[in-house]
Amino acid sequence: MGRVFMSGKSQTIKITEKAQLVDWLKQQEADAENWLIGTEHEKFLFQKGSFRPVSYEGETGIGEILSRLAEKHAMTPISEKGYIIGLKDGQGGSITLEPGGQFELSGAPLKNLHQTCSETGRHLNYMREITTELNLCMLGVGFQPLWKREDIPWMPKGRYKIMREYMPKRGNLGLDMMLRSCTVQVNLDYASEADMARKFRTSLALQPVATALFANSPFKEGKPSGVKSTRAQAWTDTDPDRCGIPACVFEGDFSYEAWVEYILDVPMYFLHRGDSYIDVSGQSFRAFMDGKLPGFEGQLPSMEDFEEHITTAFPEVRLKGYIEMRGADSGSWGSICALPALWVGLLYDEESLKAAEALVSGISAQQVEAARLSALTDGLDGQFAGQPMLVLAGEMLALSESGLARRQITDGKGRDETQYLDPLREIVTTGKTNADIMLDHYNSGWDRDVRHLFKLYHY
């Protein structure tokens, strides 16, 4: 997020040395009074009655949804080779398409959680209006619960074609991640390199707890998948070069330079030139900086090329001018508001951040990876470095609530930001994640038919 939310890109500044990239990250620093919150959330679309996924083409397709949103709400289309592939909403946010037609709102940078939850409500109401007209519905879960990979239509975006061809070379579940998963994320600011390192390390260490709290995808192809977050499972077998827990974050004095080194080690996917994406998958960005990218010898990358490259790294927490939390399943309307609330309370309050750091003091990347696997498999029944996941979730939630209370930011009814943690309080109190509740339904009232999920959990 920082000051730019990936805007201000430049094609004229050529990147020849690592120091330029370090300086770019430093330029995104913001004083605490100017810290903002950016929320991103994805949802599946399906046809009423048949529950089938929605293709791009046709009178009730995704292209039509985008056209109607643009017309009714004065949004600006983003096009690629004649297809509308996204919208600028005119309020600082944008709508984009994931590979399998998942609709994503990339929210505007906002000052508080009341604003970001209001933005979520506005977006979902707009979407519900259009989808109702077209006899469609939206579903907020972490993984497509019914349809197979081959049942999901691909969206007409050039970068996805390149990723589609490269993914199977590096893992078995990358295409599942692309086509059948949905997430909710929050983007947060940092004040300095030291502040970035504290927030990055703490949030990465605690990301498995968020995975457990938001576990909401226990089904795959109509049956229990055997895990609580099938979305998170897909990420474990997508591409080891660009996913998981970056060990550098826990090594010594983590810095901008250490992060840049990590990003430069991630193999490239593509170059974006005009309306086209050029396949350079597997090539080195370092070679590009040396003017030695095969097929592009003598050419140097722009800052825009680097910013695009960062978006092809998929660790559980990512730094790209702001810190992005990536470990949660998508879910209900309330959970979309709860995810940014959890992290804002922890990371934007100094007292809560210090206490959260203490919770994970001395933790290693290997322990976090083990906790990640435990969380996606067992949810809050999992283990985190020998501790019950549920206990740590309760401590994390209490710290977040205290941090939000100290912010003392109220809405028009005098309620502070702690209200958005209500869905998580229920989960911690009962010890049951949404995945647990769905599995209970599946084994009782649903008669082992996951189509009931579409009926009960659509927006």
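Of note, Gly58 does not satisfy the criterion of being at pLDDT below 95, surrounded by fewer than 19 Cβ atoms within 10 Å (Cβ to Cβ) and more than 22 Å from Met177 (Cα to Cα).
Being more than 21 Å from the chain's Cα centre (by Cα), outside any strand (DSSP E or B) and surrounded by 17 or more Cβ atoms within 10 Å (Cβ to Cβ) is the filter here, so list the residues in segment 73-90 that pass it. Answer for segment 73-90, where residues must be more than 21 Å from the chain's Cα centre (by Cα), outside any strand (DSSP E or B) and surrounded by 17 or more Cβ atoms within 10 Å (Cβ to Cβ): just Met75. Within segment 436-450, the set of residues being in a helix (DSSP H, G or I) and surrounded by 13 or more Cβ atoms within 10 Å (Cβ to Cβ) comprises Asp436, Ile437, Met438, Leu439, His441, Tyr442.
All conditions but one from (1) under 23 Å from Met196 (Cβ atoms); (2) touching a Ser or Thr at 6+ places or on another chain (Cβ under 9 Å) apply to Gly252; the one that does not is (2). I'm trying to understand the selection: among the residues of segment 127-155, which are part of a helix (DSSP H, G or I) and β-branched (Val, Ile, Thr)? Matches in segment 127-155: Ile130, Thr131, Thr132. Restricting attention to segment 395-435, the residues that are part of a loop (DSSP other than H, G, I, E, B), open to solvent by 40 Å² or more (accessible area, probe 1.4 Å) and charged (D, E, K, R) add up to 3. Quickly run through segment 239-248 and pick out the residues that are open to solvent by less than 50 Å² (accessible area, probe 1.4 Å) and under 19 Å from the mean Cα position of the chain (by Cα). The answer is Asp239, Arg242, Cys243, Gly244, Ile245, Pro246.
The residues of segment 321-333 that are surrounded by fewer than 23 Cβ atoms within 10 Å (Cβ to Cβ) and not in a strand (DSSP E or B), listed by number, are Ser332, Trp333.
What about Gly49, is it at pLDDT below 95 and farther than 27 Å from Glu417 by Cβ? Spelling it out, Gly49 is indeed at pLDDT below 95 and farther than 27 Å from Glu417 by Cβ. Of everything in segment 273-319 that's over 23 Å from Met177 (Cβ atoms) and of a type in the set (S, T, N, Q), which residue is most open to solvent (accessible area, probe 1.4 Å)? Here the residue is Gln299.
If you check Glu193, Glu133, Glu129, Glu165 for being of a type in the set (Asp, Glu) and in contact with a Phe, Trp or Tyr (Cβ under 6 Å, 6 or more places away or on another chain), only one passes: Glu193. Helices (runs of 4 or more DSSP H) fully within segment 213-320 that include at least 2 residues being charged (D, E, K, R): 256-265, 303-310. A single entry from Val360, Val391 fulfils the requirement of being without any contact (Cβ under 8 Å) to a residue 40 or more places away in the chain and farther than 25 Å from Leu113 by Cα: Val391.
The values are calculated or read from the model by the stated rules, or taken from the named source; none is laboratory data. These numbers were taken from a predicted model, which means no experiment stands behind them. Because the Cβ atoms are built from the backbone with ideal geometry, glycine has one as well, and the counts that use them run over all protein chains shown. For the accessible areas, the whole protein counts, side chains as well, though only heavy atoms, and no ligand, DNA or RNA atoms are used. Shrake-Rupley method; radii C 1.70, N 1.55, O 1.52, S 1.80 Å.
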